[in-house]
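Heads up: the structure comes next, in structure tokens.
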Amino acid sequence: FRALYNTYAFFALYANVDGFTYKEAEIQLEQRPEIDRWVLSKLNSLVKTCDEAYADYESTKAGRAIQEFVVDHLSNWYVRLCRRRFWKGDYTEDKIAAYQTLSTCLETVAKLMCSFSPFYADQLYRDLNFTDKSIHLQDFPKADEALINTDLEEQIEISQRITSLILRIRKLGNIKVRQPLSKVMIPALSDAFANNLKKVEDVIKSEVNIKEIEIFIDRDRD
């Protein structure tokens, strides 16, 4: 709940500053940056997971999936990596795309959680939409398969896992993130993993302050 509230507070602060009205022309998916396409893919995967869990009366499974999305993906990754997009002075198409993406995520999460958190979800929905209409009168979200990109989800998951591991190693070695390191060596157990890693290595280098990533594959591995 804290992560969700802080994410909404971040959105509301800058949306009010920029005068975001929800009436801006919808930025098409292909015109949005990769990180927007990734979080919308994760969001629609979450909708599928929750829909299946509720159908099986597994509300705990749905709740844990929502928590993972809000904390690990929306708050600690998407918002953190996109902060500069919201801070920019000009009201650009990129900034509008960021507002549209984040508001979609927040509203969908509210709808997904309203069955077991009726009051908080209702208030969040009303605050997002400036309305007196209840969230409990809205339709349950439907997953848009066209927005789900499993390859992109896998690539970002790799960057998240490696970033977390490197930061943990830095902490164990008492090496602050502000101190740049020349290189990190990462083993790849398959060509597919190596290819996905190459696509996100710039994100990793930026997050952990490392100048070079060396990927090596053990060709002798059975």
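Beyond 25 Å between alpha-carbons counts as too far, so tell me which of K111/K205; K95/K176; K42/K111; K88/K183 fall in that bin.
K111/K205; K95/K176; K88/K183
Tell me, which longest segment in the chain has none of the trypsin sites (Lys or Arg not before Pro) that fall in DSSP loops with at most 14 further Cβ atoms within 10 Å?
24-87
For the chain, what is the accessible area per residue in Å², given a 1.4 Å probe and the full set of protein chains?
60
Could you pull out the chymotrypsin sites (Phe, Trp or Tyr not before Pro) across the range 1-54 that fall in loop regions by DSSP (anything but H, G, I, E, B) with no more than 14 other Cβ atoms inside 10 Å? Intermediate results must be reported in sequence, preceding the final value.
On the way: sites: F1, Y5, Y8, F10, F11, Y14, F20, Y22, W38, Y54; in loops: F1, F20, Y22.
Passing both the DSSP loop test and the Cβ count: F1, Y22.
Taking θ = phi - 60°, what integer Hz values does the Karplus form 6.51 cos²θ - 1.76 cosθ + 1.60 yield along the range 36-53, in sequence order, with x for Gly and Pro?
These are the phi-based 3J(HN,Hα) values: 5, 5, 5, 5, 5, 5, 4, 5, 6, 5, 5, 4, 4, 4, 5, 4, 5, 5 Hz.
Rank C50, C82, C105 by mean-square fluctuation in a GNM of the chain with C-alpha springs under 10 angstrom and give only the top-ranked residue.
Maximum among the listed residues: C82.
Of all the stretches in the chain, which is the longest one without any exposed loop site, taking GluC sites (Glu not before Pro) in a DSSP loop (any state but H, G, I, E, B) with at most 12 other Cβ atoms within 10 Å?
Excluding the exposed sites themselves, the longest stretch runs over 27-211.
Non-local amide H neighbours of I217 (under 5 Å, H modeled in plane, Pro and chain starts lacking H): which ones?
A188
Using the Cβ atoms and a cut-off under 9 Å, what net charge is assigned to the surroundings of K183, where Lys and Arg are +1 and Asp and Glu are -1?
Here the charged neighbours net out to -1.
Starting at the first residue of the range 162-167, write each ³J(HN,Hα) from the Karplus equation 6.51 cos²θ - 1.76 cosθ + 1.60 with θ = phi - 60°, in whole Hz, x for Gly and Pro.
The phi angles translate into 5, 4, 4, 5, 5, 5 Hz.
Using only the Cα atoms, work out Rg/Rh for the range 23-137, with Rh taken as the Kirkwood radius, to two decimals.
Ratio value, two decimals: 0.99.
How much net charge surrounds Q100 when only other residues with a Cβ under 13 Å from its Cβ are counted (Lys, Arg +1; Asp, Glu -1)?
-2
Only sites in a loop by DSSP and with at most 10 other Cβ atoms within 10 Å count here; which chymotrypsin sites (Phe, Trp or Tyr not before Pro) in the range 71-145 make the cut?
Loop-located and lightly packed - F130.
Under the Karplus relation 6.51 cos²θ - 1.76 cosθ + 1.60, θ = phi - 60°, what is the ordered set of whole-Hz ³J(HN,Hα) values for the range 109-124, x standing for Gly and Pro?
Along the range 109-124, the couplings run 4, 4, 5, 5, 9, 5, 6, 10, 9, x, 7, 5, 5, 5, 5, 4 Hz.
The values are calculated or read from the model by the stated rules, or taken from the named source; none is laboratory data. Being a predicted model, the structure only gives us computed values, none of them experimental. Neighbour counts are summed over all protein chains in view; Cβ atoms, including those assigned to glycine, are modelled from backbone coordinates with ideal geometry. To get the accessible areas, we keep the full protein, side chains included, count just its heavy atoms, and leave off ligands, DNA and RNA. Shrake-Rupley method; radii C 1.70, N 1.55, O 1.52, S 1.80 Å.
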